[in-house]
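The structure under discussion appears below in the form of structure tokens.
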Amino acid sequence: MKTELKEISSNTKQLIVIVENDRASKDYQKVFNKIYKGIQIPGFRKGKAPVKYVESNYKQYITEEYFDKYAANTIKKP
């Protein structure tokens, strides 16, 4: 992971965080699997809906959960 802090003005800073693709993919997959197993979609057993359907209809929710759980923690670590 790389971090860079740019000074835009005297009271404004920009933080750039670059996370390795492997780590980000693994963390995203953990969040996806947790959500996938808990989703109840009419016509399918719990956790048995098609992956493509869940990806397309819940992508925003999964992405928000990923940032809440993993990306935010990555930034806070020294």
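Among the residues of the range 11-22, is any of a type in the set (Lys, Arg) and within 18 Å of the chain's Cα centre (by Cα)? No, the range 11-22 contains no residue that is of a type in the set (Lys, Arg) and within 18 Å of the chain's Cα centre (by Cα). Here residue 12 passes the criteria (1) modelled with pLDDT under 90; (2) exposed (fewer than 11 other Cβ atoms within 10 Å of the Cβ) except the one numbered (1).
For the range 47-70, the criterion of being modelled with pLDDT under 85, crowded, with 16+ Cβ neighbours inside 10 Å and under 9 Å from the mean Cα position of the chain (by Cα) is met by at least one residue.
If you go through the range 1-22 and keep only what is without any contact (Cβ under 8 Å) to a residue 40 or more places away in the chain, under 24 Å from residue 59 (Cβ atoms) and not in a strand (DSSP E or B), you end up with 20, 21, 22. Consider the range 16-34 and keep the residues that are open to solvent by less than 60 Å² (accessible area, probe 1.4 Å) and touching a strand residue (DSSP E or B) at 6+ places or on another chain (Cβ under 9 Å). The one that is farthest from residue 4 (Cα to Cα) is 19.
The values are calculated or read from the model by the stated rules, or taken from the named source; none is laboratory data. Keep in mind the model is a prediction, meaning the values are calculated, not measured. All Cβ positions, glycine included, derive from the backbone under ideal geometry; neighbour counts span all protein chains shown. Keep in mind that these areas ignore ligands, DNA and RNA; they rest on the heavy atoms of the full protein, side chains included. Shrake-Rupley method; radii C 1.70, N 1.55, O 1.52, S 1.80 Å.
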